[in-house]
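Values in this text are rule-based calculations from the coordinates and carry no lab data. Since the model is a prediction, treat every value here as computed from it, not as a measurement. Ideal geometry is used to build each Cβ from the backbone, glycine not excepted, and the neighbour counts take in all protein chains shown.
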Amino acid sequence: MTTLVIGAGLIGSQVARILAERGERPVLMDVAAQTTAIGQIVDLPKVTLVQGDILRPLSIVDVLRSHGISRIAHTAANPLLTVGAQREPYAAINLNIMGTVNVLEAARVTGLKRVVVSSSSVLNHYLDGGEDQGNFGKEEAFPRPTTFYSATKQAVESLGLNYAKWCGIEFAGLRYGAVFGPWSGAGGGGPSNVIREAMRNALAGKEAAVPPGAMEWVYSKDAARGTVLALDAKELGSRVFNITMGAMTTPAEMAEAIRAVVPGAKVKFEAPAGTGVSLSNRDHHADLARAKRTLGWEPEFRLREAVKDLAEWMRRHPA
Ligand SMILES: NC(=O)c1ccc[n+]([C@@H]2O[C@H](COP(=O)([O-])OP(=O)(O)OC[C@H]3O[C@@H](n4cnc5c(N)ncnc54)[C@H](O)[C@@H]3O)[C@@H](O)[C@H]2O)c1
């Protein structure tokens, strides 16, 4: 059994690490792999790194055939997620929607079953409307996504579920919270860059800045472990799963977690300009019951453990 991990970034490289550590040899495909950063997460000799572009469907089929792939974890994305999609909607729509369709089509034509796709908890947060409250006869029965990024993720989930229903693909869409974790490359989304920058400053004795509003996070190692559990699950059904810490983290809580590993750190509540953090205006958090019930997944890293693990990694990998 060989797993294809598409997108060798913040999350994809962790997925490959987990698979490699248990003795598999995953194929890691990226359009522009950042080898140094990936090598700090996963032992490169234990994975097969290939160049490939999800916007070129035949290149996906080629990788599936030439490496005997039996399942796919698809994590490819534009680097700044919500903010990137607001800046360049067409590119984000093309990559997120058509890129994912290309992956699902490649799976369909090659008879491959399991495809796990990264969705996002923006679908729990970046919504508005729905004033007709589920009344099917009305125009505003359901809330709608309020950003291009969340609109693409909603399309991805809907299309994936239809590929499951009509084409026999075992589709899972994982709604990760805002992810942070070890990573020294570009991309990874605005939120992970802000937390990494905050930690870098705190470790250097400088003032750290954390997002000024409550956010729902997940540590990258937990996001990746959820992904692997979705790849492995015997009975998946065609499902969408919340993969978050299951809590809204306030700026004060994030500051406390940083001070717990860097005593005396000065922390201000302000996302540095241009970092790509956008804040939800909602304060509910995801229900993790389905991920626990079906995948056996719960976060291993709550906020404090996650921030501690990141600090330890950054001390070992100074910029
Ligand atoms: N990082 C977050 O906060 C977050 C939160 C929720 C959901 N997600 C989702 O999780 C997934 C992974 O996010 P990430 O943070 O690991 O992103 P990332 O930017 O770290 O990695 C994405 C990788 O995809 C690659 N890629 C881009 N276009 C490609 C293409 N056409 N073909 C092949 N590879 C391509 C990039 O080169 C990059 O290495 C994305 O779908 C993202 O929307 C991320």
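Taking the helices alone, the chain has a mean residue ellipticity at 222 nm of -12000 deg cm²/dmol, built from -39,500 (n - 2.57) per DSSP H run of at least 4 residues and averaged over all its residues.
When +1 charges are put on Lys and Arg Cβ atoms and -1 charges on Asp and Glu Cβ atoms, the dipole computed for the chain relative to its Cα centre reaches about 700 debye. A DSSP coil position with no more than 11 other Cβ atoms inside 10 Å describes the following GluC sites (Glu not before Pro) in the range 165-260: E235.
A cut-off of 5 Å between modelled amide H atoms, ignoring neighbours fewer than 5 places along the same chain, links V117 with H74, A172, G173, L174. Look at the alpha carbon pairs under 8 Å that are at least 6 residues apart: their mean separation over the length of the range 132-252 gives a relative contact order of 28 percent. Extent of the range 3-101 along its three principal axes (Cα atoms, max minus min coordinate, largest first): 40, 29, 17 Å. Considering only lysines 8 or more places apart in sequence, or on different chains, count the pairs in the chain whose C-alpha atoms sit under 20 Å apart. Lysine pair count for the chain: 13. In a reduced charge model with +1 at each Lys and Arg Cβ and -1 at each Asp and Glu Cβ, the range 97-174 shows a dipole moment near 420 debye about its Cα centre. Dipole magnitude for the range 218-273: computed about the Cα centre from +1 point charges on Lys and Arg Cβ and -1 point charges on Asp and Glu Cβ, it is near 100 debye.
Under 5 Å from the amide H of E270 lie the amide H atoms of V210, each residue being 5 or more positions distant or on a separate chain, with H modelled from the backbone and absent for Pro and chain starts. The Rg/Rh ratio of the range 121-222, with Rg taken over Cα atoms and Rh as the Kirkwood radius over Cα pairs, comes to 1.10.
When you restrict to C-alpha pairs under 8 Å that are six or more residues apart and normalise by the size of the range 1-115, the relative contact order lands at 30 percent.
Ellipsoid semi-axes for the chain, based on the Cα gyration tensor and the rule √(5λ), read 30, 25, 17 Å when sorted largest first. Please work out the C-alpha center-to-center distance from the range 1-73 to the range 88-119 and express it in whole Å. One Cα centre to the other: 15 Å. Summary value for the chain: 18 percent relative contact order, contacts being C-alpha pairs under 8 angstrom separated by 6+ residues. Among the trypsin sites (Lys or Arg not before Pro) in the range 198-267, those placed in a DSSP loop whose Cβ has at most 11 other Cβ atoms within 10 Å are K234. The length gained on full extension between E140 and D287, counted as 0.36 nm times the residue separation minus their Cα-Cα distance, comes to 50.5 nm.
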